[in-house]
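Quick notes on the structure that follows.
The values are calculated or read from the model by the stated rules, or taken from the named source; none is laboratory data. Note that the structure is predicted; figures quoted are calculated from it, not measured. Don't worry about glycine lacking a Cβ; one is built from the backbone with ideal geometry, like all the others, and counts go over all protein chains shown.
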Amino acid sequence: MNNLGTLIFFELKKILKSRLTTSMLIILFAVVLIEAFTPGLIKGFDATRAEKAAIQELDGRLIDDALLQEMYPKLIENGTVWNEDNLKYQGILHAALSMVGDRDLLPGMPVEEMYRLREARVFQSMAEDGMTEGEIAWWRERADAVETPLTSRYYGGAIIYSQNLSGILLVLLLIAALCLSTVFTVEHRQKTDQIILGCKNGRKETYLAKLIAGFSVILGCSVCACGALALLDLALYGMDGLSAPVQLEIAGSAYALTMGGFLLRQLVIMITAPIFFAAFAMAVSKLIKNPLAVMGLMVAADIFGQLDAIPPSFRLLAQINAMLPSNQIAVWSLLEHRLVRIGSLYLTGFTAAPLIYVLLSALFVMAGWLSYRRFQVTGR
């Protein structure tokens, strides 16, 4: 065990002392700073604070007929011009428009019709996505879990943090692709593989040490980056609104989640997805002995996944695309209702995706070990 600890420390030093790793860590925390400050710089921190104070005046109010009838006379140019008198209704109008979809239809629409239209649009989108009758029935049984009328909450800080996680996840993918894909191939390039294979327990302990070091680096980066972003967002915008229903932002979601519940699911992705990135980068680079190819595959998969190029009629491919970490971490994942069926059990994407990442990581690790233990040094 002492030998293993020494090997892990040595492998960690090799990864962290690399100039490429140092550069990527600088980029990671630069992205954290950019993501944290950009929303305030674009709108202005004074304007952001004024908007927060105004919207919080309506915290706890039900979005019902009384509130809507109070709001309509205050709107200027149909809700496109905001001032001190009507700024507090900005979140209410956003939620209402998300439910109705047409600004011209909103004035005078009874609130019951607005919520009925929201639910109809939810199930219409499920049908358009090619979901089965069983899946739609599963969601219908849970439709009442979304409490209506919705309760108004200010959730600006929570949604800013949620949206900023996508940028961090992209940098974590690049760290895995650039810094961890050489963890195994470097020993072949530097011709030190003979030494490793000539040592007692060289293969087993070295393979385990390299994996632990790689996973430690990527998880450490994720935890530190998410923690630093949370502290910055808390200081700049606050974390109010964790109890806000996600329908205030994404009215077409059937998930009975609060913003806090959604953030917890995103943070699970921020742990399991980097493990998947690291396992893929290290194990596949060992299998094909080409770190550049691994980098290309990872970056290409991420770019293709965000293009949304697969039509819903290709159900399996579209669902696999939706399960990619870059899509699961996005706020729009709240609109992904397709389920994963295991026998008679249905799992949502938020439940299935982390399990899939961990399972695939284990398979990549096993495949990498089978290759590593059979490797023989041949003539140079």
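Structure notes:
Residue-wise test of (1) farther than 17 Å from Ser152 by Cα; (2) buried (at least 18 other Cβ atoms within 10 Å of the Cβ); (3) touching a helix residue (DSSP H, G or I) at 6+ places or on another chain (Cβ under 7 Å).
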site	(1), (2), (3)
Glu77	yes, no, no
Asp85	yes, no, yes
Tyr89	no, yes, yes
His94	no, no, no
Met99	no, yes, yes
Pro110	yes, no, yes
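Residues checked against (1) farther than 22 Å from Glu35 by Cα; (2) in a loop (DSSP other than H, G, I, E, B):
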site: Gly241; (1), (2): no, yes
site: Ser253; (1), (2): yes, yes
site: Ile269; (1), (2): no, no
site: Ala273; (1), (2): no, no
site: Gly305; (1), (2): no, no
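Residue-by-condition table, conditions (1) free of Cβ contacts under 8 Å to residues at least 24 places away in the same chain; (2) farther than 29 Å from Asp240 by Cα; (3) in contact with a strand residue (DSSP E or B) (Cβ under 9 Å, 6 or more places away or on another chain):
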residue	(1), (2), (3)
Glu70	yes, no, no
Gln90	no, no, no
Val100	yes, no, no
Gly134	no, yes, yes
Ser152	no, no, yes
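- Positions within the range 118-134 being part of a loop (DSSP other than H, G, I, E, B) and surrounded by 15 or more Cβ atoms within 10 Å (Cβ to Cβ), in sequence order: Asp129, Gly130, Met131
- Exclusive hit being crowded, with 19+ Cβ neighbours inside 10 Å and closer than 20 Å to Ala362 by Cα, set Val284, Val268, Val246: Val284
- For the residues Asp308, Asp302, the requirement of being acidic (Asp, Glu), on the phi < 0 side of the Ramachandran plot and either assigned by TED's automatic domain parsing to the domain that holds Val365 or in contact with a Ser or Thr (Cβ under 7 Å, 6 or more places away or on another chain) (or both) singles out Asp302.
- Helices (runs of 4 or more DSSP H) (entirely within the range 12-117) containing at least 2 residues that are assigned by TED's automatic domain parsing to the domain that holds Gly220, farther than 28 Å from Leu231 by Cα and hydrophobic (A, V, I, L, M, F, W, C): none
- For the range 14-67, the set of residues classified as surrounded by 15 or more Cβ atoms within 10 Å (Cβ to Cβ), among the hydroxyl-bearing types (Ser, Thr, Tyr) and under 25 Å from the mean Cα position of the chain (by Cα) consists of Thr21, Thr48, listed by residue number.
- Cβ-Cβ under 9 Å pairs, at least 6 apart or on other chains, the range 255-282 side within 24 Å of Val299 (Cα to Cα), far side of a type in the set (D, E, K, R) and in a helix (DSSP H, G or I): Met282/Lys210
- So Met114, is it crowded, with 22+ Cβ neighbours inside 10 Å and more than 23 Å from the chain's Cα centre (by Cα): yes
- Total residues in the range 307-328, condition of a type outside the set (A, V, I, L, M, F, W, C) and outside any helix (DSSP H, G or I): 4
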